[in-house]
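Working notes, structure below.
No lab work stands behind these numbers, since they all come straight from the coordinates. On a predicted model such as this, the values are computed, not experimentally measured, just so you know. Cβ coordinates were reconstructed from backbone atoms using ideal geometry, including for glycine residues, and neighbour counts include every protein chain displayed.
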Amino acid sequence: MSALEPPGGAPGGSAARPDAIRRHNLALILGHIHRDGALTRAELTSRLGVSRSTVGALVADLTSLGLVEESVPTGGARVGRPSHVVGPHSAGPFVVGVDVDVTHVTSAGIGIGGEVLGRSTVPIGPGRPRPERVVDLVADAVAALVAGCARPVLAVGVSVPGTVDRRTRAVGVAPNLEWRDVPLRDLLSERLGKRLGSVLPVWIGNDADLSVLAELSRGNARDCRDVVYLIGRTGVGAGVVVNGAPLMGRDGRAGEVGHNVVDTNGPECHCGKRGCLETFIGDQALLALAGRDVPPTEANVEAVLADARAGDERALSAVRTVAAWLGQALGNLANTLDPQRVILGGSLSAVLELARPDIERALEHYAFDPHHPVELTLPRFGADSALLGAAELAFSEVLEDPYLAATVP
C-alpha cells in the first residue's frame, strides 16, 4: 500500500478525502518510528514516497500531538544541511502491558518504540486464582505505574493464557486458571475506573497471539509472512501468522494446539481430556519428568533447566523427553500450516537451546517433507514477548489514528 492510499477507499472508486489521506500518512510515519526507532526525515521521505515538505508537515502534526520529537544530529563530518532525526517523544504517552500467568502477574509501562518505563511482577498466590483476585492485582499494578510516570497513559493491554473472544474480549476458556466465560475486560475497566477516576481503554488477548504480534512488529518474525510462535508455560499455545495476517479463527480460538490429544492414554489435562500436548511439553510435564513434585513456577522450572545445563542426568533426560514430543508437535504444525519459521517461547526456548538435535530429529521424522526445513529460533524478547504484545494491542488504536492521542487527558 502506498503512502497516498488509505485503507478501503471511497465508494465507486472516487478520490479519498484529504483528511483520510493525512490520517493514513500520519499513521504510516508513526508506525515506522514505533517499529524501527528514530529515523531521519530523508528516510521517512523515501519510505513514504512523498515530498520532503509533506513529511515535514506530517512530522509537525505528530510533534504537536506529543507523539514524536525532532533532533539535529551533531558530531561527525557532514557535507550540507543534516536531515533532522524523528524519534519517539521523550515525554510522550505510554500504555500499560500486563502478562497474566498461572503463578504471577507482570506489568510494565511501555512507550512508543517499546521503551520500558517501569515494571513489576507479583505472585498470584497458592491455588488457582479467582478472576477478582487477578483484577485486583492488575488494577493495583496499573495504578502504581500511572502514578509513577508523569506522562499520559493511552490504554491497557492484558495477555491471558486462555481463549479470548475477538468481539467481547471476554476470556472464554482458560483451563490452567480454571476460568470459563469471564468478562475480564468489563471487570478490569470498572475497577480501573474506580481506582484512577477516569476510563481507560482495556484490551485483552491470548498470550501466544500477543507474543507473535510482538515478534512480528519488532522481533524475530519481522521478515516472515508465515510464522508460528509456540509458547510453553503451564499451558501450551500457538500464535499463528499466515500470509502476513494473524490466524484468529471464527471467534478467536485458533492456535489452541496445547489441547490437541496426542495420546488418549496420557495424563489427565486441566481441560478434562487425557493426553493433551501440554501434558507432555508444558512446565508441569517437565517438572514431573525431572522428579520435582513442586508447583510450576518460573523459579522451579528454571531450577530444572539449570540442573540440565550443569549436566544433571535426570534433568537433562526430562528436557530431552520434552524435546522429542515437541519435535512431533512441530512436525504436525509443519504439515498443517507450512510455516517458514517457528519461534519457541517460554520454557520451550531452553528446551531448544539444550536439545535442538532431539527436536530436529523428531521434526524430520514426523514432517511430511523432511527436505523442506522449518527454521527454529528463539524469541527476540525472551520471556517478555507476551507482555510487549499486550502493549502492541494497547497501542493499536493510536497507531491506526494518531489524532486519538489528542483526546488523552
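Summary of computed values
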item: Using a Förster distance of 35 Å, the FRET efficiency for residue 199-residue 293 (Cβ separation, nearest 0.05); result: 0.15
item: Shape call, the stretch 223-379: gyration tensor on alpha carbons, a/c limit 1.5; result: prolate
item: Estimated distance in nm for a label pair at residue 90 and residue 168, the labels positioned 7 Å out from Cα along Cα-to-Cβ; result: 4.7
item: Radius 14 Å from Cβ of residue 122, net charge of other residues (Lys, Arg +1; Asp, Glu -1); result: -3
item: Spin-label model distance (nm) - residue 264 vs residue 17, 7 Å beyond Cα toward Cβ; result: 5.9
item: Dipole of the chain, positive direction: furthest Cα of 245, 38, 291, with charges on the beta-carbon; result: 38
item: (1) 1.36; (2) 0.93; (3) 1.05, with the label sought being that of the calculated Cα Rg over 2.2 N^0.38 Å; result: (3)
item: Estimated [θ] at 222 nm from DSSP helical runs (n ≥ 4, -39500 (n - 2.57)) normalised by residues in the chain, nearest 500; result: -13000 deg cm²/dmol
item: Segments 220-228, 310-318 sorted - mean Cβ within 10 Å per residue, highest first; result: 220-228, 310-318
item: Ordering of 325-332, 399-406 by packing [mean C-beta count within 10 Å, highest first]; result: 325-332, 399-406
